[in-house]
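Worksheet: the structure to be examined is printed underneath.
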Amino acid sequence: MALLTAATRLLGAKNSSCFVLAARHASASSTNLKDVLANLIPKEQARIKTFRQQHGKTVVGQITVDMMYGGMRGMKGLVYETSVLDPDEGIRFRGHSIPECQKLLPNDPMFKLVAQLYKIVPNILLEQGKAKNPWPNVDAHSGVLLQYYGMTEMNYYTVLFGVSRALGVLAQLIWSRALGFPLERPKSMSTDGLMKFVDSKSG
């Protein structure tokens, strides 16, 4: 339950759907994740069912609202119910922006080296035209942080990365099965965002 509460807190009320806000409220009144989900999922299913009945044939671009929920190859977007980042807020960790977090990072030679490489190398690779995406992946930074905190067994790094990524995949799998959504999605938006879009078009 602490994980659900922490996750919803990180999303922030400003960019949370009503479903996330309901989850936050429910998680405060119950310590059983199964009970929280058993209470929330039918309500969200009913909300989406009503929305699809009213606006399922509404055309958005070259597809309909029903296609967004049902899934279809070649589509440009589908509905996605996890966090939708506020562009003004950006990614935040425990209420801090990325630059604020960087000020709190360790004063360690290896970490500083990775940070400098991140600033210098991508521009050089772009100028030479040798890489379409020259930015280092998260493993470069997290590996150095794990070293700093004493996790020197590099064989375990991939395991830790996999476990951390699995949390997001498993969370999405739960909602996919509960709400009948397809597993894979292209560019996405939330139900709340889709409702606002449809209202603006029909109003």
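Every read-out reported here was derived from the displayed coordinates using simple, explicitly stated rules and does not represent laboratory data. Because the structure is predicted, anything quoted here is derived from the model rather than measured. Glycine also receives a Cβ, built like all others from the backbone with ideal geometry; neighbour counts cover every protein chain displayed.
What's the extension gain from Ser202 to Leu126 if we count 0.36 nm per residue and subtract their Cα-Cα distance?
Once the chain is fully extended between Ser202 and Leu126, it gains 22.9 nm.
In what sequence do Asp199, Asp192, Asp35 fall when counting other Cβ within 10 Å, fewest first?
Asp199, Asp35, Asp192
Among Ile98, Ile41, rank each residue by its count of other Cβ atoms within 10 Å, from fewest to most, as a rough exposure measure.
Ordered from fewest to most neighbouring Cβ atoms within 10 Å, Ile98, Ile41 come out as Ile98, Ile41.
Take the alpha-carbon centre of the range 115-184, take the same for the range 44-69, and report the distance between them in whole Å.
The two parts, judged by their Cα centres, are 34 Å apart.
Quickly work out the Lys49-to-Val159 label distance, labels modelled 7 Å from Cα along the C-beta direction, and quote it in nm with one decimal.
Going from the Val159 label point to the Lys49 one covers 4.4 nm.
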